[in-house]
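Notes follow the structure.
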Amino acid sequence: MSRIIELRKIATEFGVQLSELGPDIDIEDRINHSYAYGCDEIALGIYEDEELLVISFFHELGHCVGSLPPYEECQYDHYKEARAWRVGLALAADRGITFSSRALEWAREQLTSYFKEDCPEHSPLKFLPEALREAGLR
Ligand SMILES: [Zn+2]
């Protein structure tokens, strides 16, 4: 089964439709980027590396499946992103899908990119390794 068909099947289990980012999005914003629209659509970007496509898919699925916490000052984006990784990686692990340390490092970089303000008391830098352990992927 091709990867995309497999991912589409998993998305369907959660009532999520899988699509591709279209040409209305700048090409540089489509490379190694995917988006979740609401809770029922994931649009995949362009990936040369299939493993990054798969780990991104599960992250976006984590956004769709994991309920959002209430807004709390600077914690919001970080918490939401960390939670989407945790939920998504656990969903992958449930299906026996594991990721290389390189892909997990890439995931960590994606999460870290949300750290724009100084909010050390809610640091997902601490939370993510914990989340990866929880997902059985570290
Ligand atoms: Zn995200």
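The values are calculated or read from the model by the stated rules, or taken from the named source; none is laboratory data. Owing to the predicted nature of the structure, the values given are computational and were not obtained by experimental measurement. Heads up, the Cβs are rebuilt from the backbone with ideal geometry, glycines too, and the neighbour counts pull from every protein chain shown.
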Quick one: what pairs do we get from region 1-30, first residue on the phi > 0 side of the Ramachandran plot, second surrounded by 11 or more Cβ atoms within 10 Å (Cβ to Cβ) and hydrophobic (A, V, I, L, M, F, W, C), C-beta under 9 Å, 6+ apart or different chains?
Gly15/Cys39; Gly15/Cys64
Could you tell me whether any residue of region 82-91 is modelled with pLDDT under 90, within 11 Å of the ligand (Cβ to nearest atom), touching a Phe, Trp or Tyr at 6+ places or on another chain (Cβ under 7 Å) and part of a helix (DSSP H, G or I)?
yes
Within region 123-137, is there a residue that is closer than 18 Å to Arg8 by Cβ, more than 15 Å from the ligand (Cβ to nearest atom) and either surrounded by fewer than 19 Cβ atoms within 10 Å (Cβ to Cβ) or at pLDDT 90 or above (or both)?
no
Among (1) surrounded by 15 or more Cβ atoms within 10 Å (Cβ to Cβ); (2) in contact (Cβ under 8 Å) with a residue 24 or more places away in the chain, the one test that Tyr47 misses
(2)
Scanning region 34-47 residue by residue, the ones that are outside any strand (DSSP E or B), at pLDDT below 95 and not small (Gly, Ala, Ser) total 2
In region 31-68, how many residues are within 12 Å of the ligand (Cβ to nearest atom) and of a type in the set (D, E, K, R)?
1
